[in-house]
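No value in this document is a laboratory result; all are computed from the given coordinates. What you see is a predicted model; the values in this text were computed from it and never measured. With ideal geometry, Cβ positions are generated from the backbone for all residues, glycine too; neighbour counts draw on all protein chains shown.
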Amino acid sequence: MLTSHLCLRRAEDGEVVPAEDDGGPAGIYGRRMTRRSIAFDGFLALVVLALGQAEAWTGFQATRRQGPHWAEALGYGLAAAALLIRRMHPLRCVLLVCGVLAVEFAVFGSPEGLGLSLAPAVAGYTVANQEDRPRALKGLAVLAGFGAAWMAFDPVVVAPIQYVQSSGWLSILLIAWLLGAYLRTRRLYAQGLVREREERALTAVAEERNRIARELHDVVGHSVSVMTVQASAVRRLMRPDQARERAALETVEAAGREALTEMRRMVGVLRSGDESPNLAPPPTLGQLDRLVENFRQAGLDVVLQQEGKPVPLPPGLDLTAYRLIQEALTNTLRHAGATRAVVGVSYGGGTLRLSVRDDGRGPDGSPPGTGLLGMRERVAVYGGVLSTGSADGGGFQLCAELPLEAT
């Protein structure tokens, strides 16, 4: 395992982030910062700085100014500058913003106006949006302490009712923090859905590969058994003077039995504990009429169209073609809301072409389900091509091309 670069840690709220982010600002900067985000943060800091300076020097949007104008301007300026690190160090940013302003309030008194809440609101939103829940709650506690310091150092606020009235102005900070926490929760939820969908797809592919392996084992095992029996029969018919030929056939028999034993042992691990081997012969395209009739009885009008002269197919390819049509009709019956389906089987040009077209709802843009993933796995085994999409005139269409030369 490459622990130096691929190691992961899981945050307390379930978010997965690179472990190297714990090592310092460089890791965090590389994970969270882009040129666009750097430019946006710089622009945001300039806006907050401009509004703060306008309030400090001209009284713009100020209810009451307190202390020297330069002191208020310096406090707002330092708080705006601290926003430049809000993505790299969200908790440190909120500490710096609130700390700088609280010190200025303690020395010169608390002003009243829009400027005192701009930088803390931005920092509060960021810490709730970027940090995990424990660190976000620490940021909320810092904002609460900042609000308490603002009221404590405001010379106008002296009566209990004034403290209650002043606390209403601090709702801006709480709203900003709640908005950041809400957006973070939505983002993590969406990421969780994506991970869950990917895990389901991987599980479906693994299960389908196991199923393919079991079915191919049955097909190949039957062929090897026939070869072994035939070699044994020929060996018994040989004359006594054909010792060399008899030895060669004995070698074939032994190799065949050993191969069957190894196949059963290897495929056995793919079966669940309560799953017994399927002793029925594998289905083939020769049983397609029976399959179509079963779906007709289930309420789906299925039309079977065959072109070209059928050719003998290897057992594995024959089984794959049957499974493709079976799975496509099953999806049509269960999910498409269709009343009619057309199944096409075409032989020609060294290729077996299969198609299933229905008159249902058609694709809805959602990711492919486990059935389609399984079909792709089966087609890939034989180097074929599978395509799905909207059919002409509406509905859904599945087409597969399986080369016959490679078989």
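Observations on the structure shown:
- Of the peptides 126-139, 295-308, 91-104, the order by per-residue mean of other Cβ atoms within 10 Å, starting with the highest, comes out as 91-104, 126-139, 295-308.
- Net charge of Cβ neighbours under 13 Å - reference GLY77; Lys, Arg +1; Asp, Glu -1: -3
- Computed extension gain for GLU196 through ALA233, at 0.36 nm per residue and net of the alpha carbon distance, reaches 7.8 nm.
- The trypsin sites (Lys or Arg not before Pro) of the range 311-397 meeting both criteria, a DSSP state outside H, G, I, E and B (loop) and at most 14 other C-beta atoms within 10 angstrom of the site's C-beta, are ARG361.
- 19 Å cut-off, amide nitrogen to a point 7 angstrom out along LYS309 Cα→Cβ, residues in the range 327-346: 345-346
- Residue order for GLU199, GLU55, fewest other beta carbons within 10 angstrom first, comes to GLU199, GLU55.
- Dipole magnitude for the range 285-403: computed about the Cα centre from +1 point charges on Lys and Arg Cβ and -1 point charges on Asp and Glu Cβ, it is near 120 debye.
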